[in-house]
Structure formats: structure tokens, C-alpha cells
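Peer 1: My questions will all concern the structure given below.
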Amino acid sequence: MRATVRRPRLLAVTCAVAALALTGCSRAEGVRSEGVASVPSEETRDEPAPAPVAPSAASAASAASAAPAAPGGAKPAGGAHAPEGRRTCTAGTTKVVAAPVPRPVGHMLLTVTNTGAKPCDLKGYPIVKFEGAQSVPPVRAETKPHAVISLPPGGKGYAGVILAAADGSGGEGYTARSLEIGFQGRDAMTGVALPPGGVHVDDSLRVTYWLTTPEDALS
């Protein structure tokens with residue numbers, strides 16, 4: 001009877017020890033598996049990083065076209081350009097006529113016509129040189145226009161010349177029988193006919209800026 005009782009107990013203990021051994025092996029195996037997965041291989045560590053890809057020409061063009069425009073429609077720097085065909089009026093592309101007027105007294109009107117095939121600009125005021133003059137007359141600053149006068153082909157511009165003071169305050173004066181007219185920024189002068197007998201000039205001699213109407217030039 002004693003031998004029969006001991007054998008089942010011995011068998012139970014043996015089975016329990018075996019079960020514990022199997023559980024410990026399973027846990028150890030799992031730990032080893034996780035450790036191997038977390039360590040990169042030698043090939044992975046030595047593999048070079050991918051090289052950056054340069055943008056294609058089409059991508060660069062698209063990005064440039066999408067860039068915002070400069071404020072106010074401003075163009076890139078690089079120098080400004082004059083409108084096509086624009087130039088300064090010269091003695092060779094114009095005709096100037098000088099004519100004394102009855103009113104105002106002691107005044108003369110200069111009329112310039114663009115005889116060229118392209119527009120030209122009348123810059124500043126006429127360079128007026130009468131016979132015997134040692135210098136050119138000054139300009140009346142209050143007659144300066146807001147913008148440069150531009151003449152289309154066949155267009156006309158005007159300037160007034162104060163020849164002498166109506167009240168005689170300009171001194172004795174003299175009679176000039178020849179006249180030359182020049183343009184700002186140009187060295188060449190052109191002869192302009194005066195009435196027979198010439199015109200009387202004194203120290204009041206002045207000119208106006210080039211203007212768009214005879215009324216403005218003589219006002």
C-alpha cells in the first residue's frame with residue numbers, strides 16, 4: 001500500500017518540474033528573438049544614404065512662373081529703355097519759324113515743326129542767339145511745363161521770346177538782323193529768318209520753355 005501511494009506523488013512532481021522547464025525555455029527564446037530583430041545587420045549599417053534628386057528643367061520653369069510679381073508691376077532691374085523710335089528734336093529734323101506778334105508788345109513767337117518720320121522730344125527751352133549777342137537769354141522759370149513736349153511727325157511746338165520791355169525799362173537796346181536757334185543737349189545751331197529790317201532787342205530779352213500752344217508761349 002505505501003509503494004502505491006508514493007508513485008503518483010513522484011509522478012506529479014516530475015511533471016510539474018518538466019512544465020516549469022518548458023515555460024522558461026519559451027520565454028528565453030522570445031527574448032533572444034526580440035534582441036536579434038532590434039539590431040541592424042552589417043549590410044544595413046554600411047548602406048549609403050540615397051543621393052538628392054536635382055529638380056528637372058520643367059519643375060524649375062514651373063516654379064519661376066509661379067513666383068509672385070514685383071509690387072506695382074515693376075520690372076526687374078537692369079536699366080530703363082526709352083520707347084521705340086523716341087529721340088530728341090534736332091536742327092536736322094525740324095523747321096523753326098520766328099514771327100514778331102502785335103500783342104503782347106515786344107514779343108516774338110517761335111514755331112518748331114517736326115519734319116522727320118519719327119516722334120521727337122522738345123527738351124527744355126530754345127537756345128536763342130541774336131546777332132551781336134555775347135550770351136543766350138535766360139528762360140522764364142514760371143513757364144516750365146509739367147512734362148517734356150513730344151512732337152509726332154508734322155507736330156508743332158511753341159516758345160515765346162520777350163524782345164524788349166514795352167515801357168523802355170530794358171535800356172537802349174539795338175536792332176538784331178540775324179538769329180540762330182539751337183536745342184537743349186545739341187551743339188548744332190540753325191539760322192532762322194527775321195523780318196526785313198530785323199527786330200529790336202534790349203536787356204529784357206527772355207525766352208519761355210517749349211510749350212504746346214501759341215497762347216501758352218505768349219501768355
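Peer 1: In the stretch 167-219, which residue that is farther than 14 Å from P100 by Cα and aliphatic (A, V, I, L, M) is modelled with the lowest pLDDT?
Peer 2: A188
Peer 1: Suppose we filter P119, P104, P126, P137 for residues that are farther than 30 Å from G168 by Cα and either open to solvent by less than 60 Å² (accessible area, probe 1.4 Å) or at pLDDT below 90 (or both); which single one remains?
Peer 2: On the way: P104 fails: farther than 30 Å from G168 by Cα; P126 fails: farther than 30 Å from G168 by Cα; P137 fails: farther than 30 Å from G168 by Cα.
The unique qualifying residue is P119.
Peer 1: Applying the selection to the stretch 162-181, what residues are among the acidic types (D, E) and within 50 Å of the chain's Cα centre (by Cα)? Spell out how you get there, then give the answer.
Peer 2: Residues of the stretch 162-181 that are among the acidic types (D, E), as a first pass: 167, 172, 180.
Listed by number, the list holds a single entry, E180.
Peer 1: Return the residues of the stretch 200-219 that are over 40 Å from the mean Cα position of the chain (by Cα) and open to solvent by less than 10 Å² (accessible area, probe 1.4 Å); say none if nothing qualifies.
Peer 2: Going residue by residue through the stretch 200-219, those that are over 40 Å from the mean Cα position of the chain (by Cα) are 200-205.
Within the stretch 200-219, just V201 meets the criteria.
The values are calculated or read from the model by the stated rules, or taken from the named source; none is laboratory data. Bear in mind that the values here come from a model prediction, so they are computed numbers and not experimental data. Note: areas computed on protein heavy atoms with side chains; ligands, DNA, RNA excluded. Shrake-Rupley method; radii C 1.70, N 1.55, O 1.52, S 1.80 Å.
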